[in-house]
Amino acid sequence: MTEPNRLTGDLGRELAYPLVDRSMPITLTVDGTRLSALAGDTVLSALLANGIDTLGTHRGHRLALDDTTAPEIALAGNAARADLAMPAALCPAVDGLDYVTIGKQRSPGPLRAISRLMGGGRRSLDHDIAEGLELPGRWIDEPAARTIEVDLAVIGGGISGMSAALAAAQRGLRVALLERDMALGGLSRLFGRTEGQPPPEEAIPRAIAEVSRSRHVQVFTGTEAFDIRDGTIQAIRVPIKDGVPRPERVAVRAKHIVLATGLSDTVPVFPGNRLPGVLSPGFAWRMAAHYSIWIGQSAHLHTATNAAYRLALLGLEQGKTIVRASDPRINPQTRFIEFCKAYGFRHSWGVQIAEITRSGRAHPTLTARLLDAQFGAVNLDEIVSQCLLVSGGWQPNLDLWVRAGGSARFAESTGKLVITGRPELGAAGSLAGYSSLSGCRDSGEAVIETLLDGTTRAVEDPQIDPVYETPDDKAYISPAKRSGLAPAYLGKGPGLTALHEGTRRSVFGDKRQSAHDESVLLSSVLAPSEIAGAIVAGLLSPSDTEVIVDERCVLPRRFEAPGAGLALPTEPSGEAPYPPFLKDRYGPDQAVFALVADASRRIEPGSLVFANTDDRDPTRSVGVVMGPAGAYGAAILTGWSEGQTVYVRDGHACITAGIGARIEPGSVGRSDKATPAA
Amino acid sequence: MSNPSQSEPIALLGSTPFAVFLAGLLASEHRRRVTLFAPELGRKRLPRTVSFSLGPVTRPETLRLVADNRAHVLARLGEFGPGLMETDALRIAAEAPGTALGLSHMRHGAAGFGLPARPEPSHQAVAGEICVFDDCWQINSSIMDVRAREWLEKQGVTVVSEESRFALKGDGIVRRDGEAVGPALLVDDALIAAHAGARSLSRIATPRSMVTFLCRADRGIARAAFIHLDHGVTVTRAGTGLVQVHAPDDDGRATERVTTALGDAEGLRLVGRRKYTDLVTHDGAPAIGGLPSSRLSAITGLGPLDVALAPTIARHLAGSASAREDEWARARQARRPKGAPAIDDLRPGPAREEAR
């Protein structure tokens, strides 16, 4: 395949230093499809570069392939090996290797198969997703192959994480810095310069250089931390060994842990919000900056945040067409909008997306139908593009925080989740609520002081006056107005939780509920961002955020095999005459006798004893067979004596039995021979 | 209980399916003026209780009431709409000899009342006895949580969910926004533990740490509801491919308990988890009515039979119970006189230090 989504020519200043080497083309095979790629690509970026932007279908609708849906992969022949499963977003693309994706796949159908044989482009991995994608990967069940012991571990290699790592290193601590991306730096450069703030294009490279120089900081890029328990971080990375990518399960044991996991842009809740071609600006920027990838020739930018406008400007610089910028905010003001207008593209504000539909096979396009944000009138406009860059506000990445035992509350004023609890863990940067570059940087230093010295200091977080720049807005909900549309997902979580088609609700309005919505929320693990979406959709109360986060944002780990297992609970001691449930069962004078019946009959313990053959009513029973003591069992009886006849009902059978000697109740069932009563 | 006038108010405190059902029955069938204070209702929490049409109980007088109530309960639960109940087999396992005897005794008792019960002939996971009780219904608590408010409104129950709007003090009277609503009846272990004094509570029950796991089950675990009596582990279906697993966690070993009880728990993958406290009565039997040394009334210890026994409880509270029902309830009074005949029943879960 060619690479239709690879940027060529002059990349401009911001995109000038990708991780891929454009002078080193490679080829690889994924699920039998041969892909062209560049040295430095991951398997995910190689797929996207080649136009494969679809994971498969969920509920009959296409689901985008991105960093939140990228499947497990393995080298061909290793698919069954859980210990060799790798995340597609972390696995390097290596020349000549043959990869397979893991998951139930659907046959592409004869027409599409022929089309592919004829050289027609493949756009989908053809996964058939019945439930959610809740399993990050089978590696979560695998034991760590390597344990790294450090004084302090930092998760997140953005400005705040680097700042924390450097501050700890300056005190002589051994530091491990874990970053999911293949490069340090985070998203700061997407946000651009702000007056009075250090320019990110200078501050980030400077911090990266300092980290690289530090002898105390071990950097692990391309390393995804997925759990924290008992002071140990569990992570996966995919180094290349002997020319072959091999997954490595790593445990990082640290005296102190700082989370600087940054933020992600959320998607408003509207039908089609996870169709192929719908991208969040953060992911799109990473793909462009690290892998020189830009999806489609034309894009529609729909954003309630200011930084996303910068992405549109970057696209313009690369010769892409921005067919429209739309914004749900009323008359938003930001310098980026002014730049955009200067480039001449059309800008609409006060509009939401009512729905997205996708059409076309070879060159699919997305059609966005807009609605008036204030009055709800639909079909204001239809915008056709190959790519929709959509941002519904920013949320801190607090999955790990929650898995480590922290929690979160929902701030209704900002529509953001805010971390709570777990003071023994450090939180820095956007995770801790900072948004300016200097605030994030300084919070990284401050958290080290808090962890090591027990001191706290105020960190300034300068904000642009709303007069000059309209604050980022909250995500909105736009339920389906008609049937047959792609799902309106509540967030970019792995649970693929979606609003029920036709639901009409808002956090500020009608809150009628249906059982379907309930079962949707209870069917899979929820990501914090999905909980935020469910709150916006009115499915959850903001006041319940902490308890729902605590209950539902878990690592979907497997229950392990029991091993030796737990011993059975101790039974009452032999001194107890009866099991507790038989105490006074037949009155205070109950006694136990041996039962004598036909030797060929085995009477089951628990069977009821009656005075008459036709009795079946348990309340009329006169005894119960207690165990194998005596010849044929022993029964509790009241008012009976040796030599009389009773009837034991064992299922449908009625067995005649004689009453034998009275015996000590405590000895029944404890030996073959019951002890005669005194 | 005395014969109350038809409009006598009562304030139920509880958010469980049992609390909802009992409140509705009292209002619709016994014309009591019911206010249900249900702080968790509609909050999409993982459930703390399970409700089956049959549970681990050996006393025949209890089994008889369950059998007698069966049709009525089914009809009333049907009002919640489709999906509330799933009918399937309930498997109960016991390994220790004493509990295995109790289970077998229960099976014979249930069969005597015409309830379908049979031993499972061969099984690998459990060394002791497994009994299968066919055609058991279980309540999908999540669906009841969603539909409860609308059903309660139809029954004439006033529902208050905001915790800040009600107060319960030592006089046993519930106040809503400062106004007396009526005598309190605590029907939810969490609220009993919160409001009953430790001294009073210790006379009848012991608090126990529990965990509910919501799990995706990728093997046969989801086939049927399951109770392991010795380990106190209960598994219920919770929608397609999902199960809820409840397990004691006093020693922090709930997960081990689940894997040991199920044997093949490798097929389970965690989806959600909730920790909470329930109550275990000292004798494994229900405790009904006024708490010892307290002016509060409560109902606890019904176990999975709570909803199945709700009509009996409602009639007893309303003063319209049959002689047999009244006798059953009197024998299970929370303030039982010393020397009263024992009514002990099975106590699922590890043995505990008893405060009695």
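Some points to look at:
- Residue within the stretch B:202-209 that is among the hydroxyl-bearing types (Ser, Thr, Tyr), closer than 29 Å to B:LEU268 by Cα and touching an Asp or Glu at 6+ places or on another chain (Cβ under 6 Å) present: yes
- Residue match in the stretch B:213-227 (condition: in a loop (DSSP other than H, G, I, E, B), in contact (Cβ under 8 Å) with a residue 24 or more places away in the chain and in contact with a helix residue (DSSP H, G or I) (Cβ under 6 Å, 6 or more places away or on another chain)): yes
Yes or no, residue by residue, for (1) in a loop (DSSP other than H, G, I, E, B); (2) outside the structural domain of A:ALA657 (by TED's automatic domain parsing); (3) acidic (Asp, Glu); (4) at pLDDT below 80:
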{"residue": "A:GLY587", "(1), (2), (3), (4)": "yes, no, no, no"}
{"residue": "A:VAL592", "(1), (2), (3), (4)": "no, no, no, no"}
{"residue": "A:VAL596", "(1), (2), (3), (4)": "no, no, no, no"}
{"residue": "A:ALA599", "(1), (2), (3), (4)": "yes, no, no, yes"}
{"residue": "A:ILE603", "(1), (2), (3), (4)": "yes, no, no, no"}
{"residue": "A:THR619", "(1), (2), (3), (4)": "no, no, no, no"}
{"residue": "A:VAL624", "(1), (2), (3), (4)": "no, no, no, no"}
{"residue": "A:TYR632", "(1), (2), (3), (4)": "yes, no, no, yes"}
{"residue": "A:ILE636", "(1), (2), (3), (4)": "no, no, no, yes"}
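- The set of residues from the stretch B:51-62 being assigned to a loop (DSSP other than H, G, I, E, B) and either surrounded by fewer than 24 Cβ atoms within 10 Å (Cβ to Cβ) or within 11 Å of another protein chain (Cβ to nearest Cβ) (or both) comprises B:PRO56, B:VAL57, B:THR58, B:ARG59.
- Across the stretch A:520-569, the number of residues qualifying as more than 8 Å from every other protein chain (Cβ to nearest Cβ), at pLDDT 90 or above and assigned to a loop (DSSP other than H, G, I, E, B) comes to 1.
- Checked against (1) crowded, with 19+ Cβ neighbours inside 10 Å; (2) under 17 Å from the mean Cα position of the chain (by Cα); (3) in a strand (DSSP E or B), B:THR206 passes all but a single condition, namely (1).
- Single residue of B:ALA198, B:ALA193, B:ALA180, B:ALA148 found to be among the aliphatic types (A, V, I, L, M), more than 30 Å from A:ARG620 (Cβ to Cβ) and within 14 Å of chain A (Cβ to nearest Cβ): B:ALA148
- Cβ-Cβ distances below 9 Å connect the following pairs, each with a first residue in the stretch B:184-202 that is free of Cβ contacts under 8 Å to residues at least 12 places away in the same chain, a second residue that is buried (at least 24 other Cβ atoms within 10 Å of the Cβ), and a separation of six or more residues or different chains: B:ALA194/B:LEU186.
- In summary, A:TYR468 fulfils each of the numbered conditions (1) in contact (Cβ under 8 Å) with a residue 12 or more places away in the chain; (2) closer than 23 Å to A:ILE535 by Cβ; (3) surrounded by fewer than 15 Cβ atoms within 10 Å (Cβ to Cβ) with the single exception of condition (2).
- Close pairs from the stretch A:246-271: first closer than 30 Å to A:ALA368 by Cα, partner basic (Lys, Arg) and modelled with pLDDT of 95 or more, Cβ under 9 Å, at least 6 apart: A:VAL267/A:ARG274
- Some residue of the stretch A:210-224 being part of a loop (DSSP other than H, G, I, E, B) and surrounded by 22 or more Cβ atoms within 10 Å (Cβ to Cβ): no
- In the stretch A:73-122, the residues that are within 18 Å of A:GLY56 (Cβ to Cβ), modelled with pLDDT of 85 or more and in a strand (DSSP E or B): A:ILE73, A:ALA74, A:PRO87, A:TYR99, A:VAL100, A:THR101
- Some residue of the stretch B:298-308 being surrounded by 23 or more Cβ atoms within 10 Å (Cβ to Cβ) and at the interface with another protein chain (Cβ under 9 Å from one of its Cβ atoms): no
- Looking across the stretch B:284-295 at every residue that is more than 7 Å from every other protein chain (Cβ to nearest Cβ) and surrounded by fewer than 24 Cβ atoms within 10 Å (Cβ to Cβ), the one that is nearest to B:ASP326 (Cα to Cα) is identified as B:GLY289.
- Counting only strands (runs of 3 or more DSSP E) that fall entirely inside the stretch A:301-387 and contain at least 3 residues that are under 30 Å from A:GLY484 (Cβ atoms), the qualifying elements are A:321-327, A:351-359, A:365-372, A:378-385.
- Among residues of the stretch A:210-233 that are over 26 Å from A:ARG422 (Cβ atoms), those with a beta-carbon under 9 Å from a residue that is among the basic types (Lys, Arg) and crowded, with 18+ Cβ neighbours inside 10 Å at least six positions away or on a different chain give the pairs A:GLY222/A:ARG180; A:GLY222/A:ARG237.
- Filtered by the rule that a residue be over 18 Å from A:ILE322 (Cα atoms) and surrounded by fewer than 18 Cβ atoms within 10 Å (Cβ to Cβ), the stretch A:351-373 gives A:THR357, A:SER359, A:GLY360, A:ARG361, A:ALA362, A:ASP372.
- Filter result (surrounded by 19 or more Cβ atoms within 10 Å (Cβ to Cβ) and free of Cβ contacts under 8 Å to residues at least 24 places away in the same chain) within the stretch B:142-177: none
- Leading residue by the ranking (nearest to the other protein chains (Cβ to nearest Cβ)) among those in the stretch B:28-41 that are touching a helix residue (DSSP H, G or I) at 6+ places or on another chain (Cβ under 6 Å) and surrounded by fewer than 21 Cβ atoms within 10 Å (Cβ to Cβ): B:PRO39
- Residues of the stretch B:242-273 that turn out to be modelled with pLDDT under 90, more than 17 Å from B:ALA93 (Cα to Cα) and more than 7 Å from chain A (Cβ to nearest Cβ), as a count: 1
- Selection from the stretch A:436-465 of residues that are in a helix (DSSP H, G or I), within 21 Å of A:ASP265 (Cβ to Cβ) and without any contact (Cβ under 8 Å) to a residue 40 or more places away in the chain: A:GLY439
- Enumeration of residues in the stretch A:195-224 that are in contact with an Asp or Glu (Cβ under 9 Å, 6 or more places away or on another chain) and modelled with pLDDT under 95: A:GLU201
- Matching option when the condition is touching a residue at least 60 places away in the same chain (Cβ under 8 Å) and under 29 Å from B:GLY232 (Cβ atoms), among B:PRO39, B:PRO60: B:PRO39
The values are calculated or read from the model by the stated rules, or taken from the named source; none is laboratory data. Quick caveat: nothing in here was measured; it's all calculated off a predicted structure. A quick note on method: Cβ atoms are made from the backbone with ideal geometry, for glycine too, and the neighbour counts reach across all protein chains shown.
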